[in-house]
Amino acid sequence: MDADSTARLIYLSLLGAALVFWFISHNRASLGKSVQMALAWVFIFIGAIAVVGLWQDIRGTVAGTPRISVSENRVEIPRSPNGHYYATLIVEDKPLRFLVDTGASQVVLSHADAERLGIDTGALNYFGRAYTANGEVRTAPVKLGQVQLGGFTDQGVTAWVNEGEMSESLLGMDYLQRFGSIEIAGGKLVLSR
């Protein structure tokens, strides 16, 4: 801390002490009630600051997850409040939530999702390599029997189980290229066959 910061801290401390002294001497007769009112205002300000700081989380929780729209030959995935696209696929009769990632080459399963599908992650051969923003990770290939998105069903989709930590599975281009067109427009990711 430099000399200017120290001087400001001393000045603000003296000013605060003077205000506290004035408050106590001015409200001696009803000090208990005044302290209660002051504490009430302190809690109101802390609550307001907390709401402002957590507004994005509160809005995401209240708004919920946008719904996927399915028609005969297309699936529309709305953009989530955090700017990403998420799709819930039925993989071997179990719903799994994927982050749609056009920058990922493959379908990548998190350990938790692989185990939910009944895959023994300890017995996999992690011979593959993936280069992520967090560095290189090892991956193991698996074959998914049936994968369904909306009205589209695919058999024998290859996925890779990531040996590293992942918060969610990724739906990469290996799966997305099965669609004839991929379009992002109007806050929606549109997949058509």
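Once both labels are positioned 7 Å from their Cα atoms along Cα-to-Cβ, the gap between F43 and S181 label points is 5.9 nm.
The residue list G187, F21, W160 was ranked by how far each Cα lies along the charge dipole of the chain toward its positive end, using unit charges on Cβ atoms, and F21 comes out on top.
Hey, with R₀ at 25 Å, roughly what FRET efficiency would N134 and S105 work out to, going by the Cβ-Cβ distance, to 0.05? Once rounded, the FRET efficiency stands at 0.95.
In this structure, the amide hydrogen of V161, modeled 1.01 Å from its nitrogen in the peptide plane, lies closer than 5 angstrom to those of L109, A140, V142, counting only residues at least 5 positions away or on a different chain. Candidate cross-link partners of K94 among the lysines, defined by an alpha-carbon separation under 27 Å and a same-chain spacing of 8 or more, comprise K143, K188. One decimal place: the segment R79-L31 gains 11.8 nm when fully extended, by the rule 0.36 nm per residue minus the C-alpha distance.
Enclosing the Cα atoms of the range 144-193 in their convex hull gives a volume equal to 104 cubic angstrom per residue. 3J(HN,Hα) along the range 107-122: 7, 10, 9, 6, 4, 4, 5, 4, 5, 4, 7, x, 7, 7, 5, x Hz, from the Karplus curve 6.51 cos²θ - 1.76 cosθ + 1.60 with θ = phi - 60°, whole Hz, x for Gly and Pro.
Applying the Karplus relation 6.51 cos²θ - 1.76 cosθ + 1.60 with θ = phi - 60° to the range 181-189 yields 3J(HN,Hα) values of 8, 10, 9, 10, 7, x, x, 9, 9 Hz, where x marks Gly and Pro.
Couplings 3J(HN,Hα) for the range 85-98, derived from phi with the Karplus relation 6.51 cos²θ - 1.76 cosθ + 1.60 (θ = phi - 60°), are 10, 10, 10, 9, 9, 8, 10, 6, 6, 10, x, 10, 8, 10 Hz, where x marks Gly and Pro.
Divide, for the range 73-141, the radius of gyration over alpha carbons by 2.2 N^0.38 Å, where N is the residue count. Let's see the in-between values first.
Numbers: Rg = 13.9 Å, N = 69, 2.2 N^0.38 = 11.0 Å.
So the range 73-141 has a normalised radius of gyration of 1.27.
Once the piece of chain linking T88 and F152 is laid out straight, how much longer is it, given 0.36 nm per residue of separation minus the C-alpha distance between them? Show your work: numbers first, answer last.
Numbers: separation 64, 0.36 × 64 = 23.04 nm, distance 1.26 nm.
This chain segment gains 21.8 nm when fully extended.
When the Kirkwood radius is taken over all Cα pairs of the chain, what Stokes-Einstein diffusion coefficient follows at 37 °C and 0.692 mPa s, in µm²/s? Using the Kirkwood radius from Cα pairs, D works out to 154 µm²/s.
For the range 3-53, treating each Cα as an identical point scatterer without solvent, what Debye log10 I(q)/I(0) comes out at q = 0.20 1/Å? Each listed q corresponds, in turn, to -0.84. Estimated from the Cβ-Cβ distance and a Förster radius of 35 angstrom, the FRET efficiency linking A50 and R8 is about 0.85. Under the criterion of Cα pairs below 8 Å and six or more residues apart, the relative contact order for the chain equals 21 percent.
Close amide H pairs (under 5 Å, H built 1.01 Å from N) link L189 with I77, R79, residues at least 5 positions away or on another chain.
Coordinate-derived values only; no laboratory data. Note that the structure is a prediction, hence the values are computed from the model and not measured. Here Cβ is always computed from backbone atoms with ideal geometry, including for glycine, and neighbour counts include all displayed protein chains.
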